[in-house]
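Q: Have a look at this one.
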2 protein chains.
Amino acid sequence: MTGSLVVIGTGPGRAELMTPATAAAIARATDLVGYGPYLARVPSQPGQCRHASDNRVELDRARHALSLAAAGRQVVVVSGGDPGVFAMAAAVFEAVEDGEPAWQDLDIRVEPGVTAMLAAAAEVGAPLGGDFCAISLSDNLKAWSTVERRLAAAAEADFVIALYNPASRARPHQLGRAFERLRVVKAAATPVLFVRAAGTPEVTVLATTLAEADPARADMRTLVIVGASRTRRIGRWVYTPRSER
Amino acid sequence: MTGSLVVIGTGPGRAELMTPATAAAIARATDLVGYGPYLARVPSQPGQCRHASDNRVELDRARHALSLAAAGRQVVVVSGGDPGVFAMAAAVFEAVEDGEPAWQDLDIRVEPGVTAMLAAAAEVGAPLGGDFCAISLSDNLKAWSTVERRLAAAAEADFVIALYNPASRARPHQLGRAFERLRVVKAAATPVLFVRAAGTPEVTVLATTLAEADPARADMRTLVIVGASRTRRIGRWVYTPRSER
């Protein structure tokens with residue numbers, strides 16, 4: 001039997017935010033490969049093998065999934081959110097590039113999903129209403145100087161900025177440094193949103209300003225959005241007008 | 001009865017890419033308001049009123065939806081993709097800000113969805129695997145100089161760039177000007193993807209380079225992705241490694 005590999009994202013967490021295409025891919029799988037907490041979001045199915053792993057071993061996980069597919073299994077690699085945004089899809093293609101030549105002929109597909117910044121934005125209104133960018137603050141795989149350069153460029157060009165992976169136990173100081181960098185360019189009153197567990201029943205929202213934003217309010221489940229010059233509060237919502245005028 | 005307004009996105013087009021939460025919101029609506037082609041994606045339901053409009057009147061459409069909700073209707077505003085990304089959510093909050101004071105007390109919600117760049121990226125691999133930005137090339141609501149400034153900043157800071165609204169009959173020359181601006185900074189071999197009708201059975205993909213990218217290949221249904229310095233082709237896929245090293 002010919003194997004296959006589908007990279008999926010569960011969305012932000014609630015089953016109602018996972019697409020039917022993703023649910024169908026999961027239902028067809030013989031093997032699920034992923035980080036434990038994301039796998040736990042997927043209902044178990046008799047006869048399906050689960051291969052849970054730690055969060056820091058994406059490339060090993062991708063290679064394992066590709067070997068299973070090459071051996072004829074119907075493999076689903078489980079990410080949170082959208083698999084193409086700071087998640088497993090890029091790791092799978094890295095593993096293909098550096099791996100067995102036969103892996104390039106495998107049936108590999110990516111199913112899109114609802115990524116964290118979209119769920120976070122929906123919780124507060126429409127902060128991504130203008131041009132925006134997404135930056136991961138993790139420096140596991142890139143230099144911090146690259147992060148700072150992108151923050152500066154995004155601020156100068158007046159993008160709304162979505163910050164993924166704003167903080168972890170291993171990196172408690174980066175969000176504070178990011179805010180400091182942004183304060184050089186952006187107004188003190190710029191809206192800043194800390195949206196934790198967006199798209200789940202435990203969601204919490206903290207709407208503040210760049211001057212007052214406290215980096216200690218972010219953890220691994222938080223998505224931080226820093227507004228553009230026109231981003232504003234209206235009643236209990238925050239949004240960015242489509243027009244710059 | 002108290003009215004409500006939910007802003008939804010149908011996703012890229014296929015029903016399998018619309019979230020169950022969005023489908024449930026549609027099923028509960030008494031009134032659907034939206035641009036005709038997006039409304040046409042939603043199955044009709046007995047007793048539900050449909051208010052179709054032209055694509056260029058977002059603000060009128062938003063005001064109409066808010067009036068209906070204020071009159072006690074259960075209103076769903078229908079966008080394509082994700083409603084918060086170059087779609088109706090921002091227009092609704094603009095209308096709230098400038099409209100009847102009572103509109104600020106309405107029950108308004110936004111349901112996230114799969115936006116076009118995620119569906120387009122999934123069709124080709126994982127081109128959004130690094131930091132990225134999303135820019136609308138439409139200058140209906142912003143100056144072209146703003147677009148150029150953002151393109152230049154995104155290129156200098158080595159973001160992957162997703163271009164929404166790359167072309168329309170009224171704006172045939174902007175994508176060419178955007179490519180010219182990017183060629184000043186980015187390498188000639190930078191991968192450029194034209195993904196038309198992503199997430200639908202009619203999808204087509206053209207993978208080319210910045211040097212050879214022909215702006216005439218884009219239309220209103222096309223999403224254009226311009227790679228970062230490390231974005232590469234591997235077999236039939238295009239992806240951006242997570243690492244910059």
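The values are calculated or read from the model by the stated rules, or taken from the named source; none is laboratory data. As the structure is a computational prediction, the values presented were derived from the model and not from experiment. Cβ atoms come from the backbone with ideal geometry, glycine included; neighbour counts cover every protein chain shown.
Q: Note down all Cβ pairs under 7 Å where the first residue falls in segment A:11-24 and is within 16 Å of A:Ser79 (Cβ to Cβ), the second is of a type in the set (D, E, K, R) and not in a loop (DSSP other than H, G, I, E, B), and they're at least six residues apart or on different chains.
A: Pairs found: A:Thr19/B:Glu16; A:Ala21/B:Glu16.
Q: Of all residues in segment B:1-15 being among the hydrophobic types (A, V, I, L, M, F, W, C) and buried (at least 20 other Cβ atoms within 10 Å of the Cβ), which is farthest from the chain's Cα centre (by Cα)?
A: Let us first name the residues in segment B:1-15 that are among the hydrophobic types (A, V, I, L, M, F, W, C), namely B:1, B:5-8, B:15.
When the remaining residues are screened for being buried (at least 20 other Cβ atoms within 10 Å of the Cβ), the result is B:5-8.
Values: B:Leu5: 20, B:Val6: 18, B:Val7: 14, B:Ile8: 12 Å.
Residue satisfying both the conditions and the ranking: B:Leu5.
Q: Can you tell which of A:Ala89, A:Ala102, A:Ala69 is under 15 Å from the mean Cα position of the chain (by Cα) and in a helix (DSSP H, G or I)?
A: On the way: A:Ala102 fails: under 15 Å from the mean Cα position of the chain (by Cα); A:Ala69 fails: under 15 Å from the mean Cα position of the chain (by Cα).
The conditions single out A:Ala89.
Q: Are any residues in segment B:1-15 modelled with pLDDT of 95 or more, small (Gly, Ala, Ser) and either within 25 Å of A:Ile8 (Cα to Cα) or touching a Ser or Thr at 6+ places or on another chain (Cβ under 6 Å) (or both), and if so, which ones?
A: Across segment B:1-15, the qualifying residues are B:Gly9, B:Gly11.
Q: A further question follows. Out of all the residues in segment B:135-143, is one or more free of Cβ contacts under 8 Å to residues at least 40 places away in the same chain, buried (at least 22 other Cβ atoms within 10 Å of the Cβ) and of a type outside the set (Lys, Arg)?
A: Yes: segment B:135-143 contains one or more residues that are free of Cβ contacts under 8 Å to residues at least 40 places away in the same chain, buried (at least 22 other Cβ atoms within 10 Å of the Cβ) and of a type outside the set (Lys, Arg).
Q: Just one of (1) among the polar types (S, T, N, Q); (2) at negative phi; (3) more than 7 Å from chain B (Cβ to nearest Cβ); (4) in contact with a strand residue (DSSP E or B) (Cβ under 9 Å, 6 or more places away or on another chain) trips up A:Ser145, so point out which.
A: So A:Ser145 meets the others, but not (4).
Q: Criterion first (within 21 Å of A:Ser136 (Cα to Cα) and either under 18 Å from the mean Cα position of the chain (by Cα) or among the aromatic types (Phe, Trp, Tyr) (or both)) does A:Thr200 satisfy it?
A: Working: within 21 Å of A:Ser136 (Cα to Cα): no; either under 18 Å from the mean Cα position of the chain (by Cα) or among the aromatic types (Phe, Trp, Tyr) (or both): yes.
So A:Thr200 does not fit the description; no.
Results for (1) assigned to a loop (DSSP other than H, G, I, E, B); (2) more than 25 Å from B:Thr10 (Cα to Cα); (3) among the acidic types (Asp, Glu), shown as yes or no for each residue.
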residue: B:Val78; (1), (2), (3): no, no, no
residue: B:Ala95; (1), (2), (3): no, no, no
residue: B:Cys133; (1), (2), (3): no, no, no
residue: B:Leu141; (1), (2), (3): yes, no, no
residue: B:Val147; (1), (2), (3): no, yes, no
residue: B:Leu151; (1), (2), (3): no, yes, no
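Q: When segment A:153-177 is examined, which residues are found to be part of a loop (DSSP other than H, G, I, E, B) and within 10 Å of chain B (Cβ to nearest Cβ)? Explain how you work it out, then say what you get.
A: Of segment A:153-177, the ones part of a loop (DSSP other than H, G, I, E, B) are A:157-159, A:165-167, A:169-170, A:172-173.
Of everything in segment A:153-177, those that are part of a loop (DSSP other than H, G, I, E, B) and within 10 Å of chain B (Cβ to nearest Cβ) turn out to be A:Ala157, A:Asp158, A:Phe159.
Q: Taking segment B:14-59 only, how many residues are within 14 Å of chain A (Cβ to nearest Cβ) and assigned to a helix (DSSP H, G or I)?
A: Summing the residues that are within 14 Å of chain A (Cβ to nearest Cβ) and assigned to a helix (DSSP H, G or I) in segment B:14-59 gives 14.
Q: If I go through segment A:75-121 residue by residue, how many of them are more than 10 Å from chain B (Cβ to nearest Cβ) and surrounded by 20 or more Cβ atoms within 10 Å (Cβ to Cβ)?
A: 7
Q: Working only within segment B:56-69, note down all residues that are out of contact with any strand residue (DSSP E or B) (no Cβ under 8 Å at 6 or more places or on another chain), under 22 Å from A:Arg232 (Cβ atoms) and either surrounded by fewer than 19 Cβ atoms within 10 Å (Cβ to Cβ) or among the polar types (S, T, N, Q) (or both).
A: The answer is B:Leu59, and nothing else.
Q: Report yes if some residue within segment B:222-229 is more than 14 Å from every other protein chain (Cβ to nearest Cβ) and surrounded by fewer than 24 Cβ atoms within 10 Å (Cβ to Cβ); otherwise report no. First the steps, then the outcome.
A: First, pick out the residues of segment B:222-229 that are more than 14 Å from every other protein chain (Cβ to nearest Cβ): B:222, B:224.
From the residues that got through so far, the ones that are surrounded by fewer than 24 Cβ atoms within 10 Å (Cβ to Cβ) too are B:222.
Checked segment B:222-229: at least one residue is more than 14 Å from every other protein chain (Cβ to nearest Cβ) and surrounded by fewer than 24 Cβ atoms within 10 Å (Cβ to Cβ).
Q: Filter segment B:16-29 down to the residues that are closer than 20 Å to B:His64 by Cα and either crowded, with 18+ Cβ neighbours inside 10 Å or touching a Ser or Thr at 6+ places or on another chain (Cβ under 6 Å) (or both) and list them by number.
A: Result: B:Ala25, B:Ile26, B:Ala29.
Q: If B:Leu59 meets every condition in (1) hydrophobic (A, V, I, L, M, F, W, C); (2) within 19 Å of the chain's Cα centre (by Cα); (3) farther than 19 Å from A:Gly129 by Cα apart from one, which number is that one?
A: Answer for B:Leu59: the failing condition is (3).
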